[in-house]
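Could you have a look at this structure, given as structure tokens, before my questions?
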Amino acid sequence: MVATHELRRPAVVALQTLVIAACYYGAGRLGLLRRLSVEGAVFTPIWPPTGVAVAALLLLGIRSWLGIAIGALLVVLSLSSFSSFQPSAIGIVAGNTIAPICAYLLLRGVRFRTDLSRLRDGLALVFLAALGSMMISATVDVGLLVLTGKLALEGFWAVWLAWWVGDAMGVLIVTPVLLMLYAVRPPLRLTRWKEAALLLAAVCFMVPLATRSSISLLFLVYPLLIWAALRFELPGSLVCALFASVMATVAATEEVGPFYQLSHTAIMVKLQAFNGTMALTALLLSAVITEQRNTRRSVELACQELVQVLEHLTAGNPTPRPPPPDEDDRH
């Protein structure tokens, strides 16, 4: 039995590593379907592999780093042939691996909960994992482009900003969705399904209209996000934000709707500002609502327990009757 268990554990770890590498590579190929160009450098407005990497580390632990590194290497190899593979690609793989690891270590240091049921969890994911740690990958990757002569030095900051925001958006949008899907357990409770269907219909109609209309109507997405967060908390707001972000990215790369006749830099700024504020709104608002509802449920549970304790204490003790009046009191 001991030998079988010792053999099974390396096999499970190897399988997890392969699955993580495959998911990272698949997410990378999916992200490369939509690209933008800034200062001659091509980048993706949303880089899903960073979200996959952070989620894998949070769910499976630090041993996931090997799968992340293999997946990053496969993505780099898919962009260039083996004959043109350069040593600088190893630095890009290292940057894309170290950044999620730093995000994981920072989140573990603040006792991050994967259910995102507290406001502090949402803030930690935003500022520590997304905005903070992804500076590492952006700095390493863009710095290597400059050192190898593929990017002029004066274009460093524009490309760095685009790269950093793309990696951060992967964490803000993809990581919460994966954590939510991991926590789903059957059977699912289909409460308020009529309202959910109405919200879904509104999202499917309003989001394409807002992202493809020549009139700037992107603000129409925010009432839908607020509705989803208030009524369906994190699952509703995350699904709505993910769909809106994908539709906006498609419209931006096709240069239609509110992104029509804009320069590539202006498209990048407008798209990333929309995606960033939308992701922050969905994540933080739903975290606040979830935390408040959990607090209310805890208070209600404490009150019920207090009532039960009082009933138990008074169960065998009849209510004392007032003493009869004295003779003097009768007169």
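The values are calculated or read from the model by the stated rules, or taken from the named source; none is laboratory data. Everything numeric here is computed off the predicted structure, so don't read it as measured data. Note that each Cβ is placed from the backbone with ideal geometry, even for glycine, and that neighbours are counted across all protein chains shown. We work out accessible area using only protein heavy atoms, side chains counted, and drop any ligands, DNA or RNA first. Shrake-Rupley method; radii C 1.70, N 1.55, O 1.52, S 1.80 Å.
Has segment 282-289 got at least one residue that is modelled with pLDDT of 85 or more, in contact with a Ser or Thr (Cβ under 7 Å, 6 or more places away or on another chain) and either within 21 Å of residue 215 (Cβ to Cβ) or not in a helix (DSSP H, G or I) (or both)?
No, every residue in segment 282-289 fails to be modelled with pLDDT of 85 or more, in contact with a Ser or Thr (Cβ under 7 Å, 6 or more places away or on another chain) and either within 21 Å of residue 215 (Cβ to Cβ) or not in a helix (DSSP H, G or I) (or both).
May I pose another question? Quick check on segment 217-239: of everything there that is hydrophobic (A, V, I, L, M, F, W, C) and surrounded by fewer than 18 Cβ atoms within 10 Å (Cβ to Cβ), which residue is nearest to residue 191 (Cα to Cα)?
230
Within segment 161-172, work out how many residues are out of contact with any Ser or Thr (no Cβ under 7 Å at 6 or more places or on another chain) and either within 12 Å of residue 269 (Cα to Cα) or of a type in the set (Phe, Trp, Tyr) (or both).
Residues flagged as out of contact with any Ser or Thr (no Cβ under 7 Å at 6 or more places or on another chain) and either within 12 Å of residue 269 (Cα to Cα) or of a type in the set (Phe, Trp, Tyr) (or both) within segment 161-172 amount to 5.
Do we have residue 174 as within 23 Å of the chain's Cα centre (by Cα) and open to solvent by less than 70 Å² (accessible area, probe 1.4 Å) here?
yes
Name the residues in segment 137-159 that are under 17 Å from residue 95 (Cβ atoms) and outside any helix (DSSP H, G or I), would you?
Across segment 137-159, the qualifying residues are 148, 150, 151.
What number of residues in segment 248-262 are in a helix (DSSP H, G or I) and open to solvent by 40 Å² or more (accessible area, probe 1.4 Å)?
Total meeting the criteria: 1.
A further question follows. Give me the pairs, please: first residue somewhere in segment 157-186 and on the phi > 0 side of the Ramachandran plot, second residue anywhere and open to solvent by 60 Å² or more (accessible area, probe 1.4 Å), beta-carbon distance under 6 Å, and either six or more positions apart or on two chains.
none
Yes/no per residue for (1) at pLDDT 90 or above; (2) part of a loop (DSSP other than H, G, I, E, B); (3) buried (at least 22 other Cβ atoms within 10 Å of the Cβ):
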site	(1), (2), (3)
42	no, no, no
57	yes, no, yes
77	no, no, no
82	no, yes, no
86	no, yes, no
91	no, no, no
99	yes, no, yes
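Separate question: Would you point out which residue out of 278, 268 is at pLDDT 85 or above and assigned to a helix (DSSP H, G or I)?
The conditions single out 278.
Sticking with this one: Being in contact with a Phe, Trp or Tyr (Cβ under 9 Å, 6 or more places away or on another chain) and open to solvent by 10 Å² or more (accessible area, probe 1.4 Å) is the filter here, so list the residues in segment 125-134 that pass it.
Matches in segment 125-134: 128, 131.
Right, another one. Of these, 305, 291, 311, which one is among the acidic types (Asp, Glu) and either touching a residue at least 12 places away in the same chain (Cβ under 8 Å) or open to solvent by less than 20 Å² (accessible area, probe 1.4 Å) (or both)?
291
If you don't mind, there's one more thing I want to ask. Scanning for something open to solvent by less than 60 Å² (accessible area, probe 1.4 Å) and either among the aromatic types (Phe, Trp, Tyr) or free of Cβ contacts under 8 Å to residues at least 12 places away in the same chain (or both), does segment 263-272 turn up at least one residue?
yes
If you go through segment 177-205, how many residues are open to solvent by 70 Å² or more (accessible area, probe 1.4 Å), more than 16 Å from residue 52 (Cα to Cα), in a helix (DSSP H, G or I) and at pLDDT below 90?
Going through segment 177-205 one residue at a time, the tally reaches 2.
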